[in-house]
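The values are calculated or read from the model by the stated rules, or taken from the named source; none is laboratory data. Because the structure is predicted, anything quoted here is derived from the model rather than measured. Neighbour counts run over all protein chains shown; Cβ positions are idealised from the backbone, glycine included. Accessible surface areas use protein heavy atoms only, side chains included; no ligands, DNA or RNA. Shrake-Rupley method; radii C 1.70, N 1.55, O 1.52, S 1.80 Å.
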Amino acid sequence: MAYQNGMRALADPTRQAVLEQLRRGPRAVGEIAAELPVSRPAVSQHLRVLKEAGLVRDEQVGTRRLYRVDPNGLEEIRAYLDEFWNHALTAFADAARERDDEQRGGTT
């Protein structure tokens, strides 16, 4: 159930906004903070939570620390949500078959 940490981390709108920015490519804390109504230290805290949840990774590039989306963490959430989607599709297909069977049975 590794997806739970990611889901909890994304429950915060600011962390969602941070992840949206990182979707466009690697960024430094200052770049992220410049587009948000929160301070650099607050962005750093949000990045820490996202990193601990496995949704973000960082690397040192010269004198800067760049953050990027970690696709492995997102894959865990996607796999969890896909289960719901697959269940919904199966339920829809079953309902469509039942309706077809009822219509065929009612016209014969």
Next item on the list: Taking only segment 1-53 into account, find how many residues are among the hydroxyl-bearing types (Ser, Thr, Tyr) and at pLDDT below 95.
Entry: 1
Note to self: If I filter segment 33-71 down to residues being acidic (Asp, Glu) and open to solvent by 90 Å² or more (accessible area, probe 1.4 Å), which single residue comes out as nearest to Gly6 (Cα to Cα)?
What the structure shows: Glu52
Check: Picking from Ala88, Ala2, Ala93, which residue would you name as being in contact (Cβ under 8 Å) with a residue 12 or more places away in the chain, out of contact with any Leu (no Cβ under 9 Å at 6 or more places or on another chain), open to solvent by 30 Å² or more (accessible area, probe 1.4 Å) and among the aliphatic types (A, V, I, L, M)?
Finding: Ala2
Notebook entry, point to check: Which residues, counting only those in segment 20-38, are hydrophobic (A, V, I, L, M, F, W, C) and under 15 Å from Leu50 (Cβ atoms)?
Noted result: Leu22, Ala28, Val29, Ile32, Ala33, Leu36, Val38
Next item on the list: Would you please name the residue that is surrounded by the most Cβ atoms within 10 Å (Cβ to Cβ), looking only at residues in segment 22-32 that are in contact with a strand residue (DSSP E or B) (Cβ under 8 Å, 6 or more places away or on another chain) and in a helix (DSSP H, G or I)?
Entry: Leu22
Next item on the list: List every residue pair whose Cβ atoms lie under 6 Å apart, where the two residues are 6 or more positions apart in sequence or sit on different chains, the first residue falls within segment 7-21 and is open to solvent by 30 Å² or more (accessible area, probe 1.4 Å), and the second residue, located anywhere, is modelled with pLDDT of 95 or more and of a type in the set (S, T, N, Q).
Entry: Leu10/Gln16
